[in-house]
Amino acid sequence: MQESKTELFIRYDKNPILKAADWPYTVNSVFNPGAVLLSDGTTLLLCRVEDRRGISHFSAARSANGIDGWQIDEVPTLLSDPEHNPEELWGIEDPRITFVPELKKYAIIYTAYSRDGPGVAMIFTEDFIHFERFGVIMPPEDKDAALLPHRIDGQWVVIHRPVSDPRAHMWISYSPDLQHWGVHKMMLEARSGAWWDATKIGLSPPPIETPQGWLAIYHGVRQTGAGCLYRLGLALFDLQKPEICLRRGDEWVFSPVEPYEQHGDVGNVVFTCGYTIAADGDTVRLYYGAADTCIGLATGSIHSMLEWLEQHSSSPAI
């Protein structure tokens, strides 16, 4: 393994870019946004917003440059609907957005929180104004899910994170119709021992499709004497059989080091659900939740991430 001090993600120097005080209505915190670059060049963040009851909903924030000048919906963009969807009794959380060309719609995979814990739910939209709920596709306890943008061998593919106590691993499942899911396979295991990702892992934003494979940014959790520590790492999966891990980084690549990442409602957390890719096809803007309190921005490169994986990966089975 080669030693390197190169940072793969560079924080925006005016972070955080969005916080509760920016909202047009009273909220407790804003974090973990899904992200998409719309056809007109507008960046849309679908933010997880926690109200002062502790219940989360989604709120859209739009920016012409993806950095500042955010226009936030005056009222919640999407609220939980426990009357018709009891699985959303305690809110909706952590949206991950995938544009699906075959359907000409955005698929939003999110966590629906019920009395029985978090489950994976799906909703579709064309404009982030009107929404079509699909309901729960993976029952509790399950979360950290995203849909791949196209079928593989005629099957839709979702990556998710069921819990098998005391650890939690990344799984993949297939469906012919987006409703009936099967062929469940573990695709990446939380490591054992003292590793940075030894307690549990989960997909962060939807994977990036590259010629080399599906590039996944994932979060790893290590239990410490002071509590859980959330960091980000990288892995690469086969394009045609995405349950096969080709490379897995040994080290974390992004960690809570700034005060706004270390101190908040849940300290020592960087957690991303979304990114945008610039017109050059390489520059990535990573939008992330910091300490479950505010939203930060960091910039990276697909080429640099793939190159780093070549130099800093070991057997996925470790």
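Please identify the chymotrypsin sites (Phe, Trp or Tyr not before Pro) of segment 136-221 that satisfy two criteria: DSSP loop assignment and at most 10 other Cβ atoms within 10 Å. Which are they?
For chymotrypsin sites (Phe, Trp or Tyr not before Pro) across segment 136-221 that sit outside H, G, I, E and B with at most 10 neighbouring Cβ atoms in 10 Å, the list is empty.
Based on DSSP H runs of at least 4 residues, each adding -39500 (n - 2.57), what is the mean residue ellipticity at 222 nm of the chain after dividing by all its residues, to the nearest 500 deg cm²/dmol?
-1000 deg cm²/dmol
What FRET efficiency comes out for residue 115 versus residue 167 if R0 is 22 angstrom and r is the Cβ-Cβ distance? Round to the nearest 0.05. Intermediate results must be reported in sequence, preceding the final value.
Numbers: r = 24 Å, r/R0 = 1.09.
Calculated value: 0.35.
Can you list residues whose amide H is under 5 Å from residue 254's amide H, if they're 5+ apart or on another chain and H is modeled 1.01 Å from N?
232
Distance from a point 7 Å along Cα→Cβ of residue 141 to each backbone N in segment 158-191: keep the residues under 15 Å and list them by number.
Hits in segment 158-191 for residue 141 at 15 Å: 161-170.
At 0.36 nm per residue, and after removing the present C-alpha to C-alpha distance, how many nm does the segment from residue 20 to residue 179 gain when stretched out fully?
Details: separation 159, 0.36 × 159 = 57.24 nm, distance 3.57 nm.
Full extension from residue 20 to residue 179 adds 53.7 nm.
Is the shape of segment 83-180 rounded, prolate or oblate, going by the alpha carbon gyration tensor and its root eigenvalues a ≥ b ≥ c, with a/c under 1.5 for rounded and a/b larger than b/c for prolate?
oblate
Give me the distance between the Cα centres of segment 18-50 and segment 252-318, rounded to whole Å.
So the two Cα centres are separated by 17 Å.
Ignoring solvent entirely, what values of log10 I(q)/I(0) come out of the Debye formula for segment 1-123 at 0.12, 0.15, 0.17 Å⁻¹ when each Cα is a single scatterer?
-0.52, -0.76, -0.92
With viscosity set to 1.306 mPa s and temperature to 10 °C, compute the Stokes-Einstein D of segment 152-228, Rh being the Kirkwood radius across alpha carbon pairs; µm²/s, no decimals.
Working: Rh = 13.8 Å.
D, rounded to a whole number, is 115 µm²/s.
Give, in nm to one decimal, the length gained when the segment between residue 151 and residue 52 is fully stretched (0.36 nm per residue of separation minus the Cα-Cα distance).
The residue 151-residue 52 span can extend by a further 31.6 nm.
Quick one: among 56, 204, 164, which has the greatest mean-square fluctuation in a GNM of the chain with alpha-carbon springs under 10 angstrom?
164
Could you give me the ³J(HN,Hα) list for segment 261-278, computed from phi with Karplus coefficients 6.51, -1.76, 1.60 and θ = phi - 60°, whole Hz, x at Gly and Pro?
Taking θ as phi minus 60°, the curve returns 9, 8, 10, x, 4, 9, x, 6, 9, 10, 8, 10, 10, x, 8, 10, 10, 6 Hz for segment 261-278.
Cross-link partners among lysines for residue 185, C-alpha distance below 16 Å, same-chain residues fewer than 8 apart left out?
143, 241
Can you tell me how much longer the chain between residue 265 and residue 277 gets when fully stretched, taken as 0.36 nm per residue apart minus their C-alpha distance, in nm with one decimal?
Details: separation 12, 0.36 × 12 = 4.32 nm, distance 2.96 nm.
Stretched out fully, the residue 265 to residue 277 stretch lengthens by 1.4 nm.
Coordinate-derived values only; no laboratory data. Only a predicted model underlies this, so the values are computations on that prediction, with no experimental measurement involved. With ideal geometry, Cβ positions are generated from the backbone for all residues, glycine too; neighbour counts draw on all protein chains shown.
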